[in-house]
Amino acid sequence: MFEHLEEKEAVKIATLIEENGYLFYTHLAKRTDDKDLKAVLKKLAYEEKKHKRILENKYYPEAGFGETITDEEIDIEEYVEKTTDPKVFTLNIDMEKLVDAIDSPKKAILLAVQAERYASEYFEGMAGKASTEDGRRMYKELADEERHHIDMLETLIKTL
């Protein structure tokens, strides 16, 4: 399915984006007492976890990623290091500390909107670069999901 290194690496990046989103929303939900806010945050966390599972179950095998690191995966990491700044996606972020540093629910939601918007733009860009229809479809679906999250968060901001 994935013939180019960019597409294979994008699967890994997408997984990291979903994992960090899940952790962010989970920790934020634990910090709020507002029932409505907590419900939306838990739903977003659930969706991020679901997206991660889809990526791992469907696209990891199709991209050739498994439980162990292969020579190809090392080549991909070297490629990314040469062509972009991988730290954006590979830093070990302590989401609990990040959430603790945010002093209001509105600021947290605004940060989440920015992160979702970035993810949507990233996936949309990858859709434009995809060399296969399957790859293009996957990125479009991910971009659509992220835009749906933006809508949910913007609605939530209006209630704060």
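What the table shows:
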item	result
Whole-Hz couplings from phi, Karplus 6.51/-1.76/1.60, listed for the stretch 27-34; x for Gly and Pro	5, 5, 4, 5, 8, 9, 9, 5
4 °C / 1.567 mPa s Stokes-Einstein diffusion coefficient of the stretch 104-160, Kirkwood radius on C-alpha pairs, µm²/s	110
The stretch 98-113 - phi-based ³J(HN,Hα) in whole Hz, Karplus 6.51/-1.76/1.60, Gly and Pro as x	4, 5, 4, 7, 8, 9, 7, x, 5, 5, 5, 5, 4, 4, 5, 4
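Bear in mind these aren't lab numbers, they're just calculated from the coordinates by the rules spelled out. Keep in mind the model is a prediction, meaning the values are calculated, not measured.
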